[in-house]
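Participant: Here it is, the structure in full.
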Amino acid sequence: MSPSSPIAVVDSGLGGLSVVRALRQAMPGEEIVYLGDTARGPYGSKSAGTITEFVRELLEQIRFFRPKHVAISCNSAASAVMPFIRKEFADLSISSIVDATARAAIERAGARETPLMGIIGSEATIRSKSYERAIHRRRHYARLLLRPTPLLDAIAEEGREEDDSLLRLMLRQYLTPMADRKVNVIVLASTWYSALRLAVSRMLPDGVGVVDSADCCAQDVARRLQAAGLLRGGQASGALHCLLTDQTPRFDFHARRLLGTAVESPKVIPLHELHRPTREKQDNRVSA
């Protein structure tokens with residue numbers, strides 16, 4: 001592991017490209033390896049056990065790149081696998097988008113004694129209660145309004161623009177009850193929602209903070225690398241390598257939309273070629 005080693009971003013689909021965008025803005029010289037599980041994502045409606053097995057396989061694959069840091073960029077995945085993955089992959093430096101976003105939400109709430117935070121995300125993210133745990137570890141008296149927003153997941157993945165009437169209607173349905181309760185902060189607990197941040201802000205009263213998990217994840221990675229002395233530095237754009245578990249015709253569309261630029265065609269690693277844990281490791285997990 002050295003400053004020249006890449007940063008790895010592990011994702012359930014393509015929403016984590018918004019994290020890649022934020023990483024490139026924060027650290028333009030860094031090399032990034034992005035691995036999106038397009039064959040099996042999105043993870044939002046899957047069980048924690050299934051998600052954990054999927055992430056294990058992705059991390060086994062990403063090990064080949066010897067990354068200096070791995071960001072679990074999918075909120076659903078991070079909600080399901082931490083801290084089990086940190087223990088099993090102790091040789092990798094791994095961070096959770098949930099922890100980074102929870103920390104930023106608390107900072108955004110300011111000095112209020114009992115801030116009210118609204119959290120919108122996938123069914124798996126909300127069901128896991130990962131944000132509740134992450135926030136209450138740091139702010140015991142924070143009050144939370146949690147709302148699964150599966151329809152918003154679907155419409156965000158379609159790539160609808162912020163002025164789309166159906167998108168505005170859906171945001172109004174999800175956000176109005178929270179605004180009526182006078183929330184102080186809204187947490188966008190899905191990387192797909194990063195592209196909707198402006199539309200969300202327009203739906204909320206003045207003074208309500210909007211916390212974007214993609215930006216939070218990138219800033220957390222930058223802070224960790226700086227503290228460890230592992231920043232590559234330089235202003236030249238670092239290389240971006242995109243890997244997918246299935247070819248999808250929507251990659252080019254979402255890459256341009258979420259990254260703001262076209263990228264090289266991704267390399268596809270079919271599921272039957274995806275590196276899986278050895279039988280010895282599988283047996284150890286069963287006996288643990």
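The values are calculated or read from the model by the stated rules, or taken from the named source; none is laboratory data. Predicted model only: the values in this text are computed from it and were never measured. Backbone-built Cβ (ideal geometry, glycine too); neighbour counts: all protein chains shown. These accessible areas exclude ligands, DNA and RNA; they are computed on the full protein's heavy atoms, side chains included. Shrake-Rupley method; radii C 1.70, N 1.55, O 1.52, S 1.80 Å.
Participant: Testing the spin-label approximation: label points 7 Å from Cα along Cα→Cβ at Asp163 and Gln25. State their distance in nm.
Facilitator: 2.2
Participant: Turning to a different aspect of this structure: Based on the mean of other Cβ atoms within 10 Å per residue, sort peptides 63-70, 183-190, 157-164, 172-179 so the most packed one is first. All intermediate terms of the calculation are to be shown ahead of the outcome.
Facilitator: On the way: 63-70: 18.6, 183-190: 26.6, 157-164: 13.8, 172-179: 16.0.
Peptide ranking by packing, descending: 183-190, 63-70, 172-179, 157-164.
Participant: Does anyone have the angle between helix 97-109 and the longest principal axis of the chain? Alpha-carbon axes, 0 to 90°, nearest 10?
Facilitator: 30
Participant: Further, regarding this structure: Could you provide, to the nearest whole Å², the per residue accessible area of the range 1-99 with probe 1.4 Å?
Facilitator: Working: 2970 Å² over 99 residues.
With the other protein chains kept in place, the range 1-99 gives 30 Å² per residue.
Participant: Still on this structure, please answer the following. Given +1 on the Cβ of Lys and Arg, -1 on the Cβ of Asp and Glu, and no further charges, what dipole in debye does the chain carry about its Cα centre, rounded to the nearest 20? Please report the intermediate quantities before stating the final value.
Facilitator: Details: 39 positive and 32 negative charges, 175 e Å.
It comes to approximately 840 debye.
Participant: Need the list of aspartates and glutamates near Lys129 for cross-linking: C-alpha distance under 16 angstrom, and skip anything on the same chain fewer than eight residues off.
Facilitator: Output for Lys129: Asp99.
Participant: Write down the accessible area per residue of the range 163-252 in Å², having rolled a 1.4 Å probe over the full set of protein chains. Provide the component values of the computation, followed by the final result.
Facilitator: On the way: 4340 Å² over 90 residues.
Heavy-atom accessible area per residue stands at 48 Å².
Participant: Through the Karplus equation 6.51 cos²θ - 1.76 cosθ + 1.60, θ set to phi - 60°, convert the phi angles of the range 135-145 into ³J(HN,Hα) values in whole Hz; use x for Gly and Pro.
Facilitator: So the Karplus estimates, Gly and Pro as x, are 6, 6, 5, 9, 9, 4, 9, 5, 9, 10, 10 Hz.
Participant: Assuming R0 = 35 Å, what is the FRET efficiency of Asp180 and Thr50, from their Cβ-Cβ distance, to the nearest 0.05? Could the numbers behind the result be given before it?
Facilitator: Details: r = 36 Å, r/R0 = 1.03.
Given R0 = 35 Å and the Cβ-Cβ separation, E is 0.45.
Participant: What nm value, rounded to one decimal, do you get for the distance between Leu198 and Arg137 when each label is placed 7 Å out toward the C-beta?
Facilitator: 3.5
Participant: I'd like to know which of Ile72, Thr38, Ala104 lies farthest towards the positive end of the charge dipole of the chain, counting +1 on Cβ of Lys and Arg and -1 on Cβ of Asp and Glu.
Facilitator: Of Ile72, Thr38, Ala104, it is Ala104.
Participant: Please name whichever of Pro270, Tyr174, Phe253 sits farthest to the positive end of the charge dipole of the chain, dipole taken about the Cα centre and charges placed at Cβ: Lys and Arg +1, Asp and Glu -1.
Facilitator: Ranked along the dipole, the leading option is Tyr174.
Participant: Then there is this: Here is the link list: Lys87/Lys267; Lys46/Lys87; Lys68/Lys267. Which ones come out longer than 26 Å on Cα distance? Mind showing how you got there, number by number?
Facilitator: Working: Lys87/Lys267 29 Å; Lys46/Lys87 22 Å; Lys68/Lys267 21 Å.
Lys87/Lys267, as the Cα separations exceed 26 Å there.
Participant: Counting only residues 5 or more places away or on other chains, whose amide H sits under 5 Å from the amide H of Gly13 once H atoms are built in the peptide plane?
Facilitator: Here the answer is Asp37, since their amide H atoms fall under 5 Å of that of Gly13.
Participant: At a 1.4 Å probe, what is the % contribution of carbon and sulfur to the accessible area of the range 85-184? Numbers along the way, then the final one.
Facilitator: Numbers: 2480 of 5090 Å².
Percent of accessible area from carbon and sulfur atoms in the range 85-184: 49.
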